[in-house]
Amino acid sequence: MGNVLVKEVEEFNLVISEKIDFDINKKEEYLEIFKEKRKSGSLIGEFEDLIWIWVYGGKERAIIFPSQLDFYELARIFTRGIKEFEMAYKTFIMLNVNHSCIQGFNSKMKSVKKGPDDFLNTPYERLLFSFINFIKLPYKNKMLFKNVIENSESKKDSIRILPRFIDTFKFSDIINDIVENKNLLDYKRYLMTIMWWKICSVVPLRASEFTKIIFDCVDIENDKYVMKLKRSYAKGGRDMELAVSTCLEDDIYYDDKVVIDETMYMFIKKFQEFVKKEFNYEGQEKLLARCLITQTAKKSSRNGKKLNKNQIIYQDLYSNLENFYNEVVCNEYGFIPVEKYIKRETDKKYIEKLTLHDARHIAIINLILLGVDILEVMYLSGHKNINTTYGYYNHVKEITNSYAIAYKNRKESNKNISNNDIMIVDKLKNENIKALEKIKYGESKNLKYPKVKGGYCKYLNIKNDKSMCRKVERIHVKCPFFLAKSVEVFNDRIREVDKEIDIEISLLKDMIADMHKISKFNELYQSASYRLEQNIVEKIILSTKI
């Protein structure tokens, strides 16, 4: 995944963290990164040394690691073996070696066992929060770091950790199952959460912008389906002080329109008809109204009058999502919702909880995966700076891996991918996958299949008909008629595809960085995006074959 941990983002100076969790199986990868750091001159020493020399600002400084006794106590807190914890700790220090506070953080960690609250409101609090997300806390020790976690998450300059994308797909499956297979009346308490995910995981809206969507928000203009939105000035670069000091909504939000597909258009239309019928929704100005909430609204501590009694606000949506996790995701679907910093014994039992910001980030990454023009992604996201959009390319590789796993799991459980799933799904329903699902290998042991590289070809007319070969560019492992000698044939090709994906992502990022200097930028960008998309599809097909 690389050694970049965080990216500064313009809105509220937030930091989006690339989802890097420690994995003991990547030891060799970490050691290679250490060699790169040493080669660049930022570190002096060996990985196993008790002291590293850290070169920062032209000065040499010593990083003296905890003693073996301290490592033992820290490993106990994080329920890791002593060797594994030491490896994780040194890897974290290495990845953050350019952070100005890393030396002080290392010194302070030696006493964390006495109480992590000493980190509160210090320069090292953010690094401790990052380390918790990096190594993961055991569920039973969650309360020990409760104050540090809550304090870090509440700050405007806190690190925002993106969810594991495999858990995002789990959540999406639950929403789609409710919409497609269940009676919505049974879930009317959670219509806000359902609509939030269905809209904001496709159109990258902030939660506050989502709550401002008007009721008559979709229309057909010039044979295109459009959606009318309210966008925030404050998040788009307008003078923040002006935006937050006014009492007028029009000074904070401006009108906007985006083109949507027919599926989104019809889904919103069905929602409108449903709430009109079930909630007496006539005359409502907003898509979401207070009548959707069954819980008591917040009250003023002074006079007892209800606040925001005529509108849905961010806190309402937040509470609705929390209740959805507790009552539906947990009680009905059997997953245990956990925060992103919690260590899990298995992937099947737990699900990382999404925040209201995560749907927007998922939508942006999906737009990138679909090859949407970078300036269009920037516009749809409401970014004022191309560098903000550029940062999302760090997550393309990870979501590709997660999607391959998610698609494979769906096939194994005989579940079809929903037409209403997040946008990338439609790109994966190609002829190869459809053909693959119809083929069963080894139907007849009496037939002798022609040999090809890595295995055999089950298409008996291969000598006379080369159309399938041309279709898969003569890469046999991609063909639905290919019978491999061993699973390693697929693994070898997946490793090749991973390298190609890395190259295309790097190329796209370099192009965006110099977009104003490159002639025919749009054509080159679209070509690279198309190649990336084809590699992603191939990886998913190969994953289903293993």
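What pairs in LYS478/LYS509; LYS198/LYS269; LYS257/LYS509; LYS146/LYS340; LYS113/LYS146; LYS198/LYS340 have C-alpha atoms more than 18 Å from each other?
LYS478/LYS509; LYS257/LYS509; LYS198/LYS340
Among 354-365, 140-151, how do they line up by average Cβ neighbours within 10 Å per residue, starting with the highest?
Those peptides, ordered most packed to least, come out 354-365, 140-151.
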**OP:** Could you go through the stretch 492-497 in sequence order and give the Karplus-derived ³J(HN,Hα) for each residue, using 6.51 cos²θ - 1.76 cosθ + 1.60 with θ = phi - 60°, rounded to whole Hz, and x for Gly and Pro?
**Re:** 4, 5, 4, 5, 5, 5
Original post:
How would you order 86-99, 252-265, 524-537 from highest to lowest mean count of nearby Cβ atoms within 10 Å?
Top reply: 86-99, 524-537, 252-265
Original post:
How high is the FRET efficiency between LYS39 and ASP177 when r is their beta carbon distance and R₀ equals 60 Å, given to the nearest 0.05?
Top reply: 0.75
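How about the stretch 472-531: which GluC sites (Glu not before Pro) there are in a DSSP loop, with at most 15 other Cβ atoms within 10 Å of their Cβ?
Answer by residue number: GLU473.
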**OP:** List the residues whose amide H sits under 5 Å from the amide H of HIS99, counting only those 5 or more places along or on another chain, with H placed 1.01 Å from N in the peptide plane.
**Re:** none
Subject >> Unsatisfied cross-links (Cα-Cα over 27 Å) in the set LYS170/LYS228; LYS224/LYS286; LYS188/LYS212; LYS27/LYS108 >> reply: LYS170/LYS228
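Computed from the coordinates by the stated procedures, all read-outs in this text should not be read as laboratory data. This one's a predicted model, so the numbers in the text were calculated from it and none came from an experiment. Cβ atoms come from the backbone with ideal geometry, glycine included; neighbour counts cover every protein chain shown.
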